[in-house]
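This report concerns only the one structure given below.
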Amino acid sequence: DQQVKQNSPSLSVQEGRISILNCDYTNSMFDYFLWYKKYPAEGPTFLISISSIKDKNEDGRFTVFLNKSAKHLSLHIVPSQPGDSAVYFCAATYSNSGYALNFGKGTSLLVTP
Amino acid sequence: SAVISQKPSRDICQRGTSLTIQCQVDSQVTMMFWYRQQPGQSLTLIATANQGSEATYESGFVIDKFPISRPNLTFSTLTVSNMSPEDSSIYLCSVRALSEQYFGPGTRLTVT
């Protein structure tokens, strides 16, 4: 049973505009959320994370928003750049899980010039 | 962050054979993980391998099929035993360092 869902398999955005990637989860025990970026033939690269005690975390062009009541998080990339084109995975875990990550299926982002 | 390397990067194997995947980390880490990504699917945790203890397997994965070694704080191996075409996946090593999890480049396995 998929506990982390990324319902958009792909997204296309123009360079300079905002990219918004969405993620939903079903397990209310999750208290830590992460976003990873993956290029072909490479492993996932950690991007940004957020704890459930926060509703926003920013790191440069990347901001993650968490809405606990809706069990929803989103990753905003502003401004989007062609080098951001990759597959983005949302992941979730909880404190007593031994840090096992539950992943969504990913969203393929294409940033066009 | 931690720099992780995996060997081999890819392999094509025959049904019924076994393959051992190596994972090397550039620093000492307590927690190492093995994940699998089947075609079109998300990453799924196979097992957690902490140095000095037996690996802990997730539901649906067993030691006889995926034996793991963790001889020291920088190295681990995962063996995929008695392979079938359903084992065709990308296998990824991951470590927990500085409160985050980092991934190796993966081993792409094709079973014919």
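Quick rundown of the values:
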{"read-out": "Residue check, B:G52 without any contact (Cβ under 8 Å) to a residue 24 or more places away in the chain, in a loop (DSSP other than H, G, I, E, B) and either within 24 Å of A:V87 (Cβ to Cβ) or touching a helix residue (DSSP H, G or I) at 6+ places or on another chain (Cβ under 8 Å) (or both)", "value": "no"}
{"read-out": "Any hit, the range A:19-31, residues being open to solvent by 70 Å² or more (accessible area, probe 1.4 Å), of a type in the set (G, A, S), more than 30 Å from B:Y91 (Cβ to Cβ) and without any contact (Cβ under 8 Å) to a residue 12 or more places away in the chain", "value": "no"}
{"read-out": "Selection count, the range A:32-57, where residues are part of a strand (DSSP E or B) and open to solvent by less than 80 Å² (accessible area, probe 1.4 Å)", "value": "15"}
{"read-out": "Test: residue in the range B:62-75 that is among the aromatic types (F, W, Y), in contact with a Leu (Cβ under 9 Å, 6 or more places away or on another chain) and within 14 Å of another protein chain (Cβ to nearest Cβ)", "value": "no"}
{"read-out": "Breaking point among (1) open to solvent by 20 Å² or more (accessible area, probe 1.4 Å); (2) under 25 Å from A:K105 (Cβ atoms); (3) under 13 Å from the mean Cα position of the chain (by Cα), for B:Q22", "value": "(2)"}
{"read-out": "Criterion: open to solvent by less than 50 Å² (accessible area, probe 1.4 Å) and within 11 Å of another protein chain (Cβ to nearest Cβ) - qualifying residue of B:T48, B:T79, B:T56", "value": "B:T48"}
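The values are calculated or read from the model by the stated rules, or taken from the named source; none is laboratory data. From a predicted model like this one, the values you see are computed outputs, not experimental measurements. Virtual Cβ from ideal backbone geometry, glycine too; neighbours counted across all protein chains shown. Just so you know, the surface numbers come from the protein's heavy atoms only, side chains and all, with ligands and any DNA or RNA stripped out. Shrake-Rupley method; radii C 1.70, N 1.55, O 1.52, S 1.80 Å.
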